[in-house]
Amino acid sequence: MGSRVVRMLRNVNLENRVQREISKEKPRPAPRHAVTQQTDHDGNVGTVHQKNNDLLSNLKSVYVDSINTQTVKSIKKGVSMDDETKCRPTKFFLPENSYGLANLTEVPRGKLTITEAIKAVGSHQNEPQTWTSQKIAKEYSLDLKETKSLLEFFIPFQVQIFPPENVKQLKVV
């Protein structure tokens, strides 16, 4: 109810107020500052804006040719483009439509799916003598340094259930 009253008071005599504002004389903008001539570092006035034919002829003689930077990077690494683009088949699959993740059939070399990472880290934790970092790197086509980092820093989910403090624990006899 209060908003209606405020709106009515705001709109009272609106057209007259608009006409009064439109008919007012607009303020003149302030005059601009006179621009001084720019000088270059030698103190010559106006040479910055003059056309220099010697510089234009030098600019016309320049020719730039670009190369594919990805090819250059792969040559520097010592890996050909064919080896880099090859994919390996995935080792493990999730059950159909689980966790909202799509099952991939091919993974680029040097990469892992989440399922493979969990499987590799889990097998290393269960049998560290059998599943060494070298074996995992070879099995999944990974770099040895990255595999060691994966095994050190990637911790799969661990579920721990703590009993409430106020409930007495049952003693097994």
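No lab work stands behind these numbers, since they all come straight from the coordinates. What you are looking at is a predicted structure, and each value in this text was computed from that prediction instead of being measured. Quick reminder, even Gly has a Cβ in these numbers, built from the backbone with ideal geometry, and neighbours come from all protein chains shown.
Rank these for me by crowding, 155, 161, going from fewest to most other beta carbons within 10 Å.
Ranking 155, 161 by Cβ neighbours within 10 Å, fewest first, gives 161, 155.
What is the fewest-to-most order of 20, 28 by other Cβ atoms lying within 10 Å of their Cβ?
If I rank by nearby Cβ atoms, fewest first, I get 28, 20.
Enumerate the amide H contacts of residue 111 below 5 Å, restricted to partners 5 or more residues apart or on another chain; note that Pro and chain-start residues carry no placed amide H.
none
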